[in-house]
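Peer 1: This is the structure, below, for whatever I ask next.
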Amino acid sequence: MSNNKELPNNWLIYIPNFRILETAVVKKVDPSLTVEDIKEGITWPGKFFEMINVERLKYLSHDSNTLMYSNSMKIIFNSSLLPEYIYIWKIKLRIYPYVNRIRKYVVKCCHWGYSSNNCKEKDTCLRCGNNHSLNERKAERERCANCRKD
């Protein structure tokens, strides 16, 4: 290996978004404000934060089983830090770090990331990983249903 400190020409440098962008949640935002209204009226202390995107968060209404807009906003900043608070039309609101929801685990196939209503996979036993339901326990030893290791 040489002591040359330059990277080879065919290498690409990649920095993941979570290293350069920070996502925040702002709660108790007036529901009558549109995203455009918020973008127009938003300010924060310090000039070193640049806003990339704003979107209103949604929730699933159990009454009508539809997605509804909440009073919370998700804001993406071009920074690895977050301001402590922001102002929306001179109303001071605290900022909280945004944490992604844990993806669902599908009992039928033992996979992650989608709803069991949409599952078209075969039944997979949670305990042994074979293609049968958990109720039809056939194997003696337990192993991971995804990677098939003991």
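Each reported figure results from applying straightforward, stated rules to the coordinates on display, with no laboratory input. Owing to the predicted nature of the structure, the values given are computational and were not obtained by experimental measurement. Here the Cβ positions follow ideal geometry from the backbone for every residue, glycine too, while neighbour counts run over all protein chains shown.
Peer 1: Quick one: Karplus J couplings for the range 80-90, per residue in order, coefficients 6.51, -1.76, 1.60, θ = phi - 60°, nearest Hz, x for Gly and Pro?
Peer 2: Values, residue by residue: 8, 10, 10, x, 6, 7, 10, 10, 10, 6, 6 Hz.
Peer 1: Greater than 23 Å separation of Cα atoms is the criterion. Which listed pairs, Lys28/Lys58; Lys58/Lys108; Lys39/Lys90, meet it?
Peer 2: Long pairs (Cα-Cα over 23 Å): Lys58/Lys108.
Peer 1: While we're looking at this one, here's another question. Which cross-chain or sequence-distant (5 or more) residues have an amide H under 5 Å from the amide H of Asn53, H modelled 1.01 Å from N in plane?
Peer 2: Sorted by chain and number, the residues that satisfy this are Ile76.
Peer 1: Tally Lys and Arg at +1 and Asp and Glu at -1 over the other residues with C-beta under 14 Å from the C-beta of Arg94: what net charge comes out?
Peer 2: Within the 14 Å Cβ shell, the charges total +2.
Peer 1: Another one. Going by average Cβ neighbours within 10 Å, how do the peptides 81-89, 117-125 rank, with the highest at the top?
Peer 2: 81-89, 117-125
Peer 1: What is the spin-label model distance, in nm, from Tyr114 to Asn100 if the labels are put 7 Å beyond Cα along the C-beta direction?
Peer 2: 1.7
Peer 1: Right, something else. Once amide H atoms are built 1.01 Å from N in the peptide plane, which residues 5 or more positions from His111, or in another chain, come under 5 Å H to H?
Peer 2: Here Val106 satisfy the definition.
Peer 1: Quick one: grab the alpha carbon gyration tensor of the range 51-117, order the square roots of its eigenvalues as a ≥ b ≥ c, and give me rounded if a/c is under 1.5, else prolate or oblate depending on whether a/b is larger than b/c. Please report the intermediate quantities before stating the final value.
Peer 2: Details: a/c = 3.56, a/b = 1.79, b/c = 2.00.
It is oblate, given that a/c is not under 1.5 and a/b is not larger than b/c.
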